[in-house]
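What follows is calculated from the coordinates using simple rules that are stated; it is not laboratory data. Keep in mind that this is a model prediction, so the values were computed, not measured. When we count neighbours, we look across all protein chains shown, and the Cβ atoms used for this are built from the backbone with ideal geometry, even at glycine.
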DNA sequence: CTGGGCTGTTTCGTATCGTAAACATTCTTG
DNA sequence: CAAGAATGTTTACGATACGAAACAGCCCAG
């Protein structure tokens, strides 16, 4: 009947195998009874929200791992459907301008991307106090294309990055980027990932949300 | 008690509001009783796996949507725990060399990253037939730092990208990168995301897996 | 004010989840 | 083979999820 139970069981067993754990070990990490885990893996039981969260946290895997169709058996059909590709030529993309930054969202023709790549030009040049630090769900990676920047974060000393250097950070921690010195602007690539990026129905929503989250007082002047 | 129920209720209500739907409409789309939905939103009830899938499919939202802590109410405690940051200076990182590519994995001190950033130097210069195209779960973004490259993919004509141009693609589709012309090498940034990246326990596992997935016959000569 | 749609909430019975404990199976180790 | 440890399965029962139906609070038309 319930092919759903089978799905969950398959996923859990795959994850457990990949992590090379026994049921007892999973139970210890997640606080879920061994008997429960056994029944789940044998499709005799499903799970509730609470237990799914416990599993995800205890095993340190993304929650979506439990809702995926078997990744070891690539579904040719589905693959063809999702064989997407998008090219961004120079200056291609959606430009969102704010007083301190110019955001160029690239590869915007694809929606429902897991990652959002942005080419950001930073004009803000002094440490004049930022109203609030940027803060949003997920993680981001940045690479300095041109110039030198200062990265201010909530829990670390400001760090200076030169061309060719990069940083990876949790976006939930407040953060802000400035040019390191002098009046020159700097340019970085910024790739953001949030587990719920898929929520955004369209790119416009996303750009709007991101712009809104950035810094108080900054109003995106969409062109 | 169960702060989990509150989490779910909050998430569901937020999603329903965003989609501008009534409980009845959600019920119609998902096949879940109105009473159930009401109780969920009021934190009187949790949900099982099956119902979560029904919701996700019926509302056409990513499953992870229901597992997000409300971004408008940042949990200071949990936030501090995940306030990670990693800086990569020039030539910092784990170098994995193959005949055609040099992969420099950056920000490797952080494990369990949602994204894997790699600075790739491409030496392969001719269209001499590749044994197999690279193919792995997830999506990736690439940006050309230096030189010109040709991107070969399974379902598209080869595309040429110059410095400053970028591409976003589904990694499940076969793909390979070459330098566009002449003997000069090219350099790109490559950011990979896979829903299962969290599974990799250590960076070594990841590098090994990625290298293994790349091209048959290429053996990573770890330094 | 009455009636009737439209919304969301509460009641209550049944099905399912979830666990401790008992059981089964395999593998050591002597 | 017996003892024992480690693994996964089954049993039995309390706790929880789930839905049909009854309920309650709108808002509007007549």
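The table for this structure:
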{"quantity": "Segment B:4-53 shape via C-alpha gyration tensor axes, a/c threshold 1.5", "calculated": "oblate"}
{"quantity": "Chain lengthening between residue A:123 and residue A:39 when straightened (0.36 nm per residue, less Cα-Cα)", "calculated": "24.5 nm"}
{"quantity": "10 Å Cβ neighbours from other chains, averaged over peptide A:114-122", "calculated": "4"}
{"quantity": "Per-copy distances of the residue B:158 label point, shortest first, in nm (7 angstrom along Cα→Cβ)", "calculated": "4.7"}
{"quantity": "Residue-averaged beta-carbon neighbours from other chains (10 angstrom radius) around A:10-21", "calculated": "1"}
{"quantity": "Relative contact order (percent, whole number), segment A:2-74, Cα cutoff 8 Å, 6+ residue spacing", "calculated": "42 percent"}
{"quantity": "Per-residue average of Cβ from other chains inside 10 Å of A:39-50", "calculated": "4"}
{"quantity": "Proxy reagent accessibility, fewest Cβ within 10 Å first, across A:166, A:56", "calculated": "A:56, A:166"}
{"quantity": "Two-site FRET efficiency, residue B:181 against residue B:57, from Cβ-Cβ distance with R₀ of 45 Å, rounded to 0.05", "calculated": "0.40"}
